[in-house]
Amino acid sequence: MMKLDRRTFMKGAGASTAGCALASLLPGTLGALEQTELKGSAIEVKSICEMCSTRCPISARIVNGKNVSILGNANAKSFGGAVCARGGSGHSLLYDKQRLVKPIKRVGERGEGKWQEIEWDEAYALIADKLGAIKEKYGPEAVSFSSKSGSNHKHLFHLAKAFGSPNTFNHGTTCPTAYKIAAFAIFGTKMKRDLGNSKYIINFGHNIYEGINMSETRGMMKAQADRGAKLVVFEPRFSVVADKGDEWHAIKPGTDVTVALALCHVLIKDNLYDKAFIERHVVGFDEFAKEVAAYTPEWAESISDVPAEDIRRIAHELAAAAPHAVVDFGHRATFTTEEFEMRRAIFAANVLIGNIERKGGLYAGKKAKTYNKFAGADVTPGLAKPKVEMPKPTAKRIDMVDQQYEMLWSNGGIYQSILDSALDEVPYKTRGWVMSRTNPMQTMTDRARVVKAMNAMEFIVCCDVYVSETAAYADVVLPESTYLERSEEIFDKSGKNPAYYVRQPVVETIGDTRPSWLIWKQVGDALGLGQYFPWDNIETLQLLQVKKDAKLLSRIKQEGYVSFGKPLMLREPEMVANFAAQYDTARPLDEDGTYASAMKFKTPSGKIELSSAKVEKMAPGRGVIKYREVNLKKADELFFIQGKTAIHTNGATHNVPYLANLMSDNAVWIHPLTAGLLGIKSGDAIRLHNDVGSEEGTALVTPGIRPDTVFAYMGFGSKNKELARAYGKGVHCGNLLPHVTAPVVGMNLHTTGVKVEKI
Ligand SMILES: Nc1nc2c(c(=O)[nH]1)N[C@H]1C(S)=C(S)[C@@H](COP(=O)(O)OP(=O)(O)OC[C@H]3O[C@@H](n4cnc5c(=O)[nH]c(N)nc54)[C@H](O)[C@@H]3O)O[C@H]1N2
Ligand SMILES: Nc1nc2c(c(=O)[nH]1)N[C@H]1C(S)=C(S)[C@@H](COP(=O)(O)OP(=O)(O)OC[C@H]3O[C@@H](n4cnc5c(=O)[nH]c(N)nc54)[C@H](O)[C@@H]3O)O[C@H]1N2
Ligand code: SF4
Ligand SMILES: [Mo]
């Protein structure tokens, strides 16, 4: 087998080496692509975007054998038949000559960039040999498995189970886990927000016009444009959401909890809360009310810089718009180590105005099982799961070191504990890491620690579409086919009513890539675990899901996105009436025309728990929501915060040609007063540094940020030369962030302190 230095290999598109499958398949310039006949469907195929994990329904086809048209699937009404800039650029990833289209194995030092192309069978044999050896010597738990949750984590986690390791992790503690756990604590389940029908929206750093989720983004646009909804924004910087808001309050980073608690204080003190709702559906109100009595708007102002009179007014406006109003619980919940308190305080404000299961408020998803229960018959099909008897892992998870994290273990775990386990052997040592669709070197904090942890491991497998910054440190990199080339099982997309959708190939597979469902099944085969994967292809799985209803499967494939029944919110009389009118067998309405009497929560009391004995037992002192001080930076540092740009996705798209052309750098936002004191002008080269690391970038002087804060869009400054378009451009945020695990919710922390100087 020929040895290739991948760095030379990458730039040597014209080099005449036998192993240059990538270069020969993919012409060196986009212009040259025009002569290449693209093979695939010329008629529209319904599928699912994967340019970010929102996974919008799409409709795509090949145009004149030359390009791929990607539109939104019009059958999915809430997505408005649209895609965002990234979604429209999928073909640019597909035909990127820097994409990985053949398995490779490391032949130099980790991160050195020396690779050798290998065949799939050789890759599988190598993986089976190395993982098998670790399992034999240290037990299966010495291998951890991780993947961004969604389309492909299920197959990887299935392999983990078959292998016998309890250590499976999704990206949760770098993103949503805190608000999910907060919702679990109060409601016993996840909650969704009905932004589109809201008349009053309070936003605490939910960057929804840049951190796009087509359905929610369009919902908020609709609320603002069609319903004249008022939008109040708390943001340390003038984001696009702040720009589109009716008012912007430049809140001090990490202090949102004080404003949320003060809103609750005013709602209770001024008798603005929904007493009937609280009496009927809520427990723990008295303890909560007692605690928030001290959290006055004046107190919140002293910590957050938001004027007390504004907090008071906003609480009154919120109550006046109730129940069709919402305090948005956000998405990336990594602003402080006390996200559990902050997100619970936000949920509490929603509970106080009684917006639960009301239009424009919060609601629980209605999957087929729930929907059918109310309909009194199987009016919508549910999805079946393959029944495979799996071995029970004997070891404890590596993040099972502290009882306070109990709610997390079945929710994706504490991702960054893989590093602690590899480096500090807590509670035992992780020696192997199999990961897919995740780039922790860019998206976890303290990049140097990620490098150290990877170097401390014996064997690492990474499945990606690029040689990501993380893949650069793996032993074997497996190229997954892009989402435009692969089929997957059916996914549940239920909201207020059940809905399903499916991914289907639009173009023929380019190069020697495979879909991850097949990759992990074949790794399973190589490990002698074939019995746990009793499906030969994706159709077998899909048919199993629809319980052999071929007509239904064909409908889902044809329409791409199929929803059943009418939207249902249990306390919304018109919706309940419309729902019940559809089915003779439907549950009879309550006297008030709703299904309020059927509202049962998966909490110990079956009610909404504003204060919780379960939480108190799990994490003593936390049963009641309260303010806990955090310290995010040293006195002589500036706050360093981040956010998404509309043009890129996390640590994923910075090398995609079209998107890299649109934006390849993340200038650091800095206030004119601060910049003046430091002698910095827009465009100046600057250095950001702290105890964790040091990064060089460019300054953008703007009044759209607090003087004590600097901001950068995340995901830039890749340190992997193979990502030639992204390499070294901009500030690598993860290289400045400390390695932290927050109490109860296990979150990573994305706000810290930095010193800034002109270079
Ligand atoms: N275009 C695009 N869309 C995306 C993504 C993407 O990468 N690009 N990623 C997807 C993913 S994974 C997610 S999680 C969502 C992200 O959804 P969001 O969580 O809405 O996105 P972020 O930009 O991370 O939002 C954080 C915002 O909070 C502000 N902020 C920082 N610290 C504080 C604070 O202490 N208080 C307050 N009030 N605000 C603060 C930041 O300035 C930023 O505007 O977007 C999804 N959609
Ligand atoms: N400093 C800082 N760090 C952050 C954030 C922040 O705001 N600031 N945001 C956080 C948030 S909200 C999140 S969700 C995480 C996300 O971080 P991650 O979970 O790491 O996810 P992504 O960066 O979206 O993508 C990871 C990898 O998936 C690969 N990929 C893309 N498509 C495919 C595919 O079809 N198959 C396979 N196998 N791989 C594919 C990409 O090439 C990329 O290398 O980052 C978090 N990290
Ligand atoms: S928000 Fe954009 S990139 Fe993300 S899935 Fe939807 S269309 Fe694709
Ligand atoms: Mo995220």
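Note on the stretch 545-578: residues that are open to solvent by 50 Å² or more (accessible area, probe 1.4 Å) and hydroxyl-bearing (Ser, Thr, Tyr) total 2. For the structure I just gave you, tell me whether Ala333 is part of a loop (DSSP other than H, G, I, E, B) and of a type in the set (A, V, I, L, M). Taking the combined requirement at face value, the residue satisfies it.
Scanning the stretch 92-149 for residues that are open to solvent by less than 10 Å² (accessible area, probe 1.4 Å), out of contact with any Leu (no Cβ under 8 Å at 6 or more places or on another chain) and modelled with pLDDT under 95 yields a count of 1. For Thr380, indicate whether it is free of Cβ contacts under 8 Å to residues at least 60 places away in the same chain and within 30 Å of Gly565 (Cβ to Cβ). So Thr380 fails the test. Among helices (runs of 4 or more DSSP H) entirely within the stretch 354-454, having at least 3 residues that are open to solvent by 20 Å² or more (accessible area, probe 1.4 Å) and more than 30 Å from Ala577 (Cα to Cα) singles out 417-424.
Looking only at the stretch 217-232, decide whether some residue is in contact with a helix residue (DSSP H, G or I) (Cβ under 7 Å, 6 or more places away or on another chain) and within 16 Å of ligand 4 (Cβ to nearest atom). Checking the stretch 217-232: not a single residue is in contact with a helix residue (DSSP H, G or I) (Cβ under 7 Å, 6 or more places away or on another chain) and within 16 Å of ligand 4 (Cβ to nearest atom). Condition check for Arg313 on (1) touching a His at 6+ places or on another chain (Cβ under 8 Å); (2) open to solvent by 10 Å² or more (accessible area, probe 1.4 Å): one failure, at (1). State yes or no: is Thr334 open to solvent by 10 Å² or more (accessible area, probe 1.4 Å) and either β-branched (Val, Ile, Thr) or modelled with pLDDT under 95 (or both)? It is false that Thr334 is open to solvent by 10 Å² or more (accessible area, probe 1.4 Å) and either β-branched (Val, Ile, Thr) or modelled with pLDDT under 95 (or both). Counted as qualifying within the stretch 185-290 are the helices (runs of 4 or more DSSP H) with 3 or more residues that are open to solvent by 10 Å² or more (accessible area, probe 1.4 Å) and charged (D, E, K, R), namely 214-226, 275-281. Within the stretch 502-515, the set of residues being closer than 13 Å to Ile48 by Cα and assigned to a loop (DSSP other than H, G, I, E, B) comprises Arg503, Gln504, Pro505, Val506.
Table: residues versus (1) open to solvent by 30 Å² or more (accessible area, probe 1.4 Å); (2) touching a strand residue (DSSP E or B) at 6+ places or on another chain (Cβ under 6 Å); (3) not hydroxyl-bearing (Ser, Thr, Tyr).
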| residue | (1), (2), (3) |
| --- | --- |
| Leu700 | yes, yes, yes |
| Pro707 | yes, no, yes |
| Phe716 | no, no, yes |
| Lys719 | yes, no, yes |
| Glu722 | no, no, yes |
| Lys729 | yes, no, yes |
| Cys733 | no, yes, yes |
| Val740 | yes, no, yes |
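List, please: which pairs have Cβ atoms under 7 Å, are six or more places apart or on different chains, and start with a residue in the stretch 516-528 that is part of a loop (DSSP other than H, G, I, E, B) and end with one that is open to solvent by less than 40 Å² (accessible area, probe 1.4 Å)? From the stretch 516-528, the pairs are Leu527/Ala128; Leu527/Leu131; Leu527/Gly132; Leu527/Phe163. If you filter the stretch 170-179 down to residues that are assigned to a helix (DSSP H, G or I) and within 18 Å of Asp399 (Cα to Cα), you find that the one that is nearest to ligand 1 (Cβ to nearest atom) is Thr174. Can you name every residue in the stretch 142-180 that is hydroxyl-bearing (Ser, Thr, Tyr) and more than 21 Å from the chain's Cα centre (by Cα)? Matches in the stretch 142-180: Ser165 only. The single condition among (1) of a type in the set (Lys, Arg); (2) within 17 Å of Tyr466 (Cα to Cα); (3) not in a loop (DSSP other than H, G, I, E, B) that Lys102 does not satisfy is (3).
So that you can scan it fast, the table gives a plain yes or no per residue for (1) within 16 Å of ligand 3 (Cβ to nearest atom); (2) in contact (Cβ under 8 Å) with a residue 12 or more places away in the chain; (3) open to solvent by 20 Å² or more (accessible area, probe 1.4 Å):
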{"site": "Pro588", "(1), (2), (3)": "no, no, yes"}
{"site": "Thr603", "(1), (2), (3)": "no, yes, no"}
{"site": "Ala619", "(1), (2), (3)": "no, yes, no"}
{"site": "Lys634", "(1), (2), (3)": "no, yes, yes"}
{"site": "Ile647", "(1), (2), (3)": "yes, yes, yes"}
{"site": "Asn655", "(1), (2), (3)": "yes, yes, no"}
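The values are calculated or read from the model by the stated rules, or taken from the named source; none is laboratory data. On a predicted model such as this, the values are computed, not experimentally measured, just so you know. Neighbour counts are summed over all protein chains in view; Cβ atoms, including those assigned to glycine, are modelled from backbone coordinates with ideal geometry. Calculation scope for accessible area: heavy atoms of the full protein, side chains included, ligands and nucleic acids excluded. Shrake-Rupley method; radii C 1.70, N 1.55, O 1.52, S 1.80 Å.
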